[in-house]
Amino acid sequence: MNDRTALVTGANTGIGFHVARLLAEEGLQVHVGSRVAERGERAVAKIGANARLLVLDVTDPGSVARAAASVGRLDVLVNNAGIQPVTGAPSETGIEDFRQTYETNVFGVVAVTNAFLPALRRSAHPRVVNVSSGTASLAWSTGPNPQFAHGSPRSAAYRSAKTALNALTVLYAQELAEAGIKVNALAPGRRATGLVPGAAVGGGDPAEGARGAVRLALLPDDGPTGGFFSWDGTPVPW
């Protein structure tokens, strides 16, 4: 019997939903993290018997604490919840938009990871996957979408937040290596999700991107940590 457990934040839709679904198909008991209970319940119903709702708002300390208190042991944490409220250049983006983006995409990841570390430490093979973005790479000079090319200043709040997330991935991996907790970041590719208006136009299958997260979630003990990988397993330059 597979008694492994996972938590996927922002799992009621998009890539997060497919990560939760695929992990459940692998036999894991999956906590479907959702800020809104009704949306989470619909996702759980679609995934099936191995899914259970965990009401979790990553920006609310009380919500994070309550969720963590209800989970005794955790084998996999997928920090997927993210937002992209604006797509402007730095000078076009208000400070509140930066704060809102960082609150979910950076501070929310720290809050959830720290809260669930005690549960992860009880696992024999703990894994953390941070869903980042290829647009956060400071090394890639080109991309399929000119808006996200290295020389473009667009989506400044989102991209800089994901770059910060990449840095945190490395720092967590270094800190938690002795505990056997592997921490990696994923660039899922441009997918047809509701992250931003029009994202479905030209976007790929969210399930394809989700498979990359599942691969990192189920890494063997000799697998990498502190890495940044594309959905197909290819290392992404930082």
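A short reminder: the numbers here are calculations on the coordinates, not readings from a lab. Everything quoted here is computed from the prediction, not taken from an experiment. In this analysis, Cβ positions are derived from the backbone assuming ideal geometry, glycine residues included, and neighbour counts consider all displayed protein chains.
Where Lys and Arg each count +1 and Asp and Glu each count -1, what net charge lies around Arg66 among other residues with Cβ under 14 Å from its Cβ? Show your work: numbers first, answer last.
Numbers: positive: Arg35; negative: Asp57, Asp60.
Cβ neighbours under 14 Å give a net charge of -1.
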Item to check | Long-range HN-HN contacts of Val32 with modeled amide H, under 5 Å | outcome: Arg52, Leu53, Leu54
Next on the checklist: Looking at the chain only, what percent of DSSP beta bridges run antiparallel? Nearest 5 please.
Outcome noted: 5
Item to check | Likely footprinting exposure, Tyr102, Tyr172, fewest C-beta neighbours within 10 Å first | outcome: Tyr102, Tyr172
Next on the checklist: Here are a few candidate values for Cα extents along the principal axes in Å: [x] 88, 37, 36; [y] 64, 35, 34; [z] 50, 39, 31. Which one was actually calculated from the structure I just gave you?
Outcome noted: [z]
Checklist entry - Listing Leu23, Leu54 from the residue with the fewest other Cβ atoms within 10 Å to the one with the most, what is the order? => result Leu54, Leu23
Next on the checklist: On C-alpha positions alone, give me the angle between the axis of helix 14-25 and the longest principal axis of the chain, in degrees, nearest 10.
Outcome noted: 30
Next on the checklist: Using helices alone, I'd like the mean residue ellipticity at 222 nm for the chain: each DSSP H run of four-plus residues gives -39500 (n - 2.57), total over residue count, nearest 500.
Outcome noted: -11500 deg cm²/dmol
Next on the checklist: Using only Cα atoms and rounding to the nearest 10 degrees, what angle (0 to 90) does helix 37-47 make with the longest principal axis of the chain?
Outcome noted: 70
Checklist entry - For helix 108-121, what angle does its Cα long axis make with the longest principal axis of the chain, in degrees from 0 to 90 and rounded to 10? => result 30
